[in-house]
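*Asks:* Quick one: structure below, then a few questions.
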Amino acid sequence: MKLRGVRVECDRRVFLINSTTVLTLLGLGFFPADGSAFGTAKSWQQSWFENGKSIKETFAALGVGEPSVDERVVVQAPDTAENGAYVGISVKSLIPNITAIAFLVDKNPSVLAGYFETKKSGELKFATKIKMAETSELVALVKAGNNYFMNTRHVKVVLGGCGS
């Protein structure tokens, strides 16, 4: 087949193999059939990342009043991060019906380090990697229903990761 002077190979066998592979992975549950694996445009707001220059300003941008400190939100992070460009963190919580989680770092150029929406579940286990400019408090904020809960962890950064 010719398309504007370019020869395009149409190999029925390769097409069938690739199609079968995708359908098999879809059937086994590797890709959700509803397309939720690709995220949605409403799952984050750019203004949340840009407008918060402090924890309180970021809470206001997120629409959070005063979250309560709750020991059921367990923040795990290293006491000392050798390189702030690559800090592994996680949060665990037994608070029911958690629908969103946010990580905030007070001394970062953008305080909001990450915002993630989840399906309601009885137990939350979530891990990611963030950048930290310097030694600071790491805040994990979880939303359950219309309530917000948080906990903090102090992380010492040896080599900053946000342009320092």
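The values are calculated or read from the model by the stated rules, or taken from the named source; none is laboratory data. This is a predicted model, so every value here is computed, not measured. Cβ atoms come from the backbone with ideal geometry, glycine included; neighbour counts cover every protein chain shown. When the accessible area is computed, the model is the full protein with side chains, heavy atoms only, and any ligands, DNA or RNA have been set aside. Shrake-Rupley method; radii C 1.70, N 1.55, O 1.52, S 1.80 Å.
*Asks:* Using amide H atoms built in the peptide plane, which far-off residues or other-chain residues are under 5 Å from GLN76 H to H?
*Replies:* Sorted by chain and number, the residues that satisfy this are SER90, VAL91, LYS92.
*Asks:* Return the long-range amide H neighbours of LYS53 (sequence gap of 5 or more, or a different chain), with a cut-off of under 5 Å between placed amide H atoms.
*Replies:* Result for LYS53 returns THR58.
*Asks:* Using a simple spin-label model with points 7 Å from Cα along the Cα→Cβ vector, what separation in nm is obtained for ASN146 and LYS107?
*Replies:* 3.8
*Asks:* So how many Lys-Lys pairs in segment 97-164 land under 25 Å Cα to Cα, not counting same-chain pairs under 8 apart?
*Replies:* The number of close lysine pairs in segment 97-164 is 14.
*Asks:* If each of PHE15 and GLU82 carries a label point 7 Å out from its Cα toward its Cβ, how far apart are those two points in nm?
*Replies:* Rounded to a tenth, the inter-label distance reads 5.2 nm.
*Asks:* THR80 accessible area, nearest 10 Å², 1.4 Å probe?
*Replies:* 60
*Asks:* What's the extension gain from ASP70 to LEU26 if we count 0.36 nm per residue and subtract their Cα-Cα distance?
*Replies:* Once the chain is fully extended between ASP70 and LEU26, it gains 12.0 nm.
*Asks:* Apply the Karplus curve 6.51 cos²θ - 1.76 cosθ + 1.60, θ = phi - 60°, to the phi angles in segment 81-98 and return the couplings in whole Hz, x for Gly and Pro.
*Replies:* Once rounded to whole Hz, the list reads 9, 5, 9, x, 6, 8, 10, x, 10, 8, 9, 10, 7, 9, 5, x, 6, 6.
*Asks:* Given H placed on each backbone N at 1.01 Å, which residues far from ALA144 in sequence or on other chains put an amide H within less than 5 Å of it?
*Replies:* THR99, PHE149
*Asks:* Continuing with this model, one more query. Between segment 92-164 and segment 52-69, what's the alpha-carbon centroid distance in Å?
*Replies:* 12
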